[in-house]
1. From the helices alone, meaning DSSP H stretches of at least four residues, give me the mean residue ellipticity at 222 nm for the chain, per-run term -39500 (n - 2.57), in deg cm²/dmol to the nearest 500.
2. I'd like the antiparallel share, as a percent to the nearest 5, of DSSP beta bridges with both residues in the chain.
3. Provide the net charge surrounding A76, with neighbours chosen by a C-beta distance below 10 Å and charges set as Lys +1, Arg +1, Asp -1, Glu -1.
4. Given all pairs of different Cα atoms, what value in angstroms does the Kirkwood hydrodynamic radius of the chain take?
5. Among K53/K299; K82/K172; K32/K88; K32/K167; K32/K274, which pairs are too far apart, with a Cα-Cα distance over 28 Å?
6. Taking Cα centroids, how far is the range 79-137 from the range 188-220 in Å?
7. Arrange M143, M315 by Cβ neighbour counts within 10 Å, fewest through most, would you?
8. When the dipole is taken about the Cα centre of the range 203-270, and only Lys, Arg (+1) and Asp, Glu (-1) are charged at their Cβ, what size is it in debye, to the nearest 20?
Amino acid sequence: MKSLTLLSAAAVFCAAALLSVPCAAQDAPAWKVSIRDVFLGKNTFDSPAAGLKQLGLDTVESNLDRDYTMMDLETAERVSVKSDDEAKAYRAKLDALGVRCCALLTAVDFSAGDHESNIQWIVRAVEIADILGAQAVRIDSAMKQERELDFDTRVNLFADNLSEILKRTEGKNVALGIENHGFQGNNLAFLLNIYTKVNSPRLGSTLDTGNFYWRGYPLGEVYGILRLLAPHAKHTHFKNINYPEDQREQIREAGWKYAEYACPLEQGDIDTVKVLQILRDAGYTGTLCMEDESVGNCKTRGERAAQLERNTNHMRAAIAALK
């Protein structure tokens, strides 16, 4: 297996330094804990709004489908936000519920489909996010051709598309956050080269705290990678994995036994307080969004809700530990 060590990323360290401004250590920001709306469905709560209330949360990341629909927080049904009027009506419902949408989750494969259609899709997502008051649009880094195209071609494909999207949405107070996701997206050189090529303050990372560990990096190196990417963070996803002790500092195959070892945030190998220290020192002020995929292993509504409550309490305790 090819080495995944941070030594292989040394060549891109300077690029990271050029694009980031170190911040002095400081008290924990007034971070909001948020959650993806996919965890608030009727298989767990009577309604998404009821779920937020039970968890004591008022901030949510919402999935925006390609047909421009989002989950209604009162009914859990998909509703259109395609037009400005529809998006404004959705925002009014959020305001009435006392809920803020912190980010929109989108998926687009820049190596497939119609080039212009892909760009228009994300441009409109940014416009909708701006109406909703969301701080970021999550960009998926996975591509069907990611193992076929060479490195420079993939970087240029991403950079050219994102540059055009940023150009067409100039003036919008919404960032694009590329999630470190899948095989390609968990390649540090890939991400840093895109940031360098695009060179926009509105482009950065949807920093997933568990995905580099999923990709096979040893635990100690995961923290090192997070330190390099934290200055670029526009949004976050928090998940955790509890690997056997003899595997934690080993290089593993991507996705090795993830279904077996994915776990609640408090039970995993990744130290949430340590990650928050990294984000704090990098000056990150966005939300801390929970994405615990091990919730899917729970058998009942009650078990799922209880695990989400424990995750929420864990995040709050980790924030408090920084003060």
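Each value in this text was obtained by applying a stated rule to the coordinates, not by laboratory testing. Quick caveat: nothing in here was measured; it's all calculated off a predicted structure. FYI the Cβ positions are ideal-geometry reconstructions off the backbone, even for glycines, and counts take in every protein chain you see.
1. Working: 12 runs with 131 residues, N = 323.
For the chain, the value works out to -12000 deg cm²/dmol.
2. Values: 5 of 31 bridges.
That works out to approximately 15 percent antiparallel.
3. -3
4. Values: mean 1/r = 0.0499 Å⁻¹.
One over the average 1/r among Cα pairs gives 20.0 Å for the chain.
5. Working: K53/K299 22 Å; K82/K172 17 Å; K32/K88 23 Å; K32/K167 30 Å; K32/K274 17 Å.
The answer is K32/K167.
6. Measuring centre to centre over Cα atoms gives 23 Å.
7. On the way: M143 21, M315 24.
So the ranking, lowest neighbour count to highest, is M143, M315.
8. On the way: 7 positive and 9 negative charges, 66 e Å.
With Lys and Arg at +1 and Asp and Glu at -1, about 320 debye.
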